[in-house]
Amino acid sequence: MLELRRKETEVKRYSVRERKGHVYQEVSEPQDDDYLYCEECQNFFIDSCAAHGPPTFVKDSAVEKGHANRSALTLPPGLSIRPSGIPEAGLGVWNEASDLPLGLHFGPYEGQIIYNEEDSHSGYCWLVTKGRNSYEYVDGKDTSLANWMRWVQ
Ligand SMILES: [Zn+2]
């Protein structure tokens, strides 16, 4: 009983602190996709690590959606797309720059948003949790809509 009550309090605290400025129809607790990882603390955080601050995101090279070769052109400097070291995996993304600092974040994964599970079998779909029992897929199959992350193995 005590355990249960503590959980409810946690949920409320999260929803007030982490979701401020947004209007949500129902109380939602943080989902797996809301968490980022701090390599130094070896721990997960939301928004900002208490010890190391906000994450450093590496921006994609800017390319309009609809460009036929968009996915490859969005690749940030220092990375390359070439055959994966994983057998039968096709292409992969390689780090060509040896001086990338620890803890960089890349992404997010881009593509066409899909809501039906039946349409999610392209092999490039990323399942995103939007809330309790609420999901969507980001499909990276179409290279004119996806970004380079479709090749990350
Ligand atoms: Zn940290």
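Would you mind stating whether ASN147 is free of Cβ contacts under 8 Å to residues at least 12 places away in the same chain and either of a type outside the set (A, V, I, L, M, F, W, C) or over 26 Å from GLU29 (Cα atoms) (or both)? In short, no. Among residues that are touching a strand residue (DSSP E or B) at 6+ places or on another chain (Cβ under 7 Å) and among the hydroxyl-bearing types (Ser, Thr, Tyr), THR129 is included.
The single condition among (1) at pLDDT 95 or above; (2) touching a Phe, Trp or Tyr at 6+ places or on another chain (Cβ under 8 Å) that GLU136 does not meet is (1). Has the range 120-136 got at least one residue that is crowded, with 16+ Cβ neighbours inside 10 Å, under 15 Å from THR74 (Cβ atoms) and among the aliphatic types (A, V, I, L, M)? No, because not a single residue in the range 120-136 is crowded, with 16+ Cβ neighbours inside 10 Å, under 15 Å from THR74 (Cβ atoms) and among the aliphatic types (A, V, I, L, M). Picking from residues in the range 54-85 that are assigned to a loop (DSSP other than H, G, I, E, B) and under 23 Å from TYR37 (Cα atoms), the one that is least open to solvent (accessible area, probe 1.4 Å) is PRO76. Evaluation of ASP119 against the conditions (1) closer than 18 Å to ASP60 by Cα; (2) without any contact (Cβ under 8 Å) to a residue 24 or more places away in the chain shows that the sole unmet condition is (1).
The values are calculated or read from the model by the stated rules, or taken from the named source; none is laboratory data. Since the model is a prediction, treat every value here as computed from it, not as a measurement. Positions of Cβ are backbone-derived with ideal geometry, glycine not excepted, and every protein chain shown enters the neighbour counts. The area values use the complete protein model at the heavy-atom level, side chains included, leaving out ligands, DNA and RNA. Shrake-Rupley method; radii C 1.70, N 1.55, O 1.52, S 1.80 Å.
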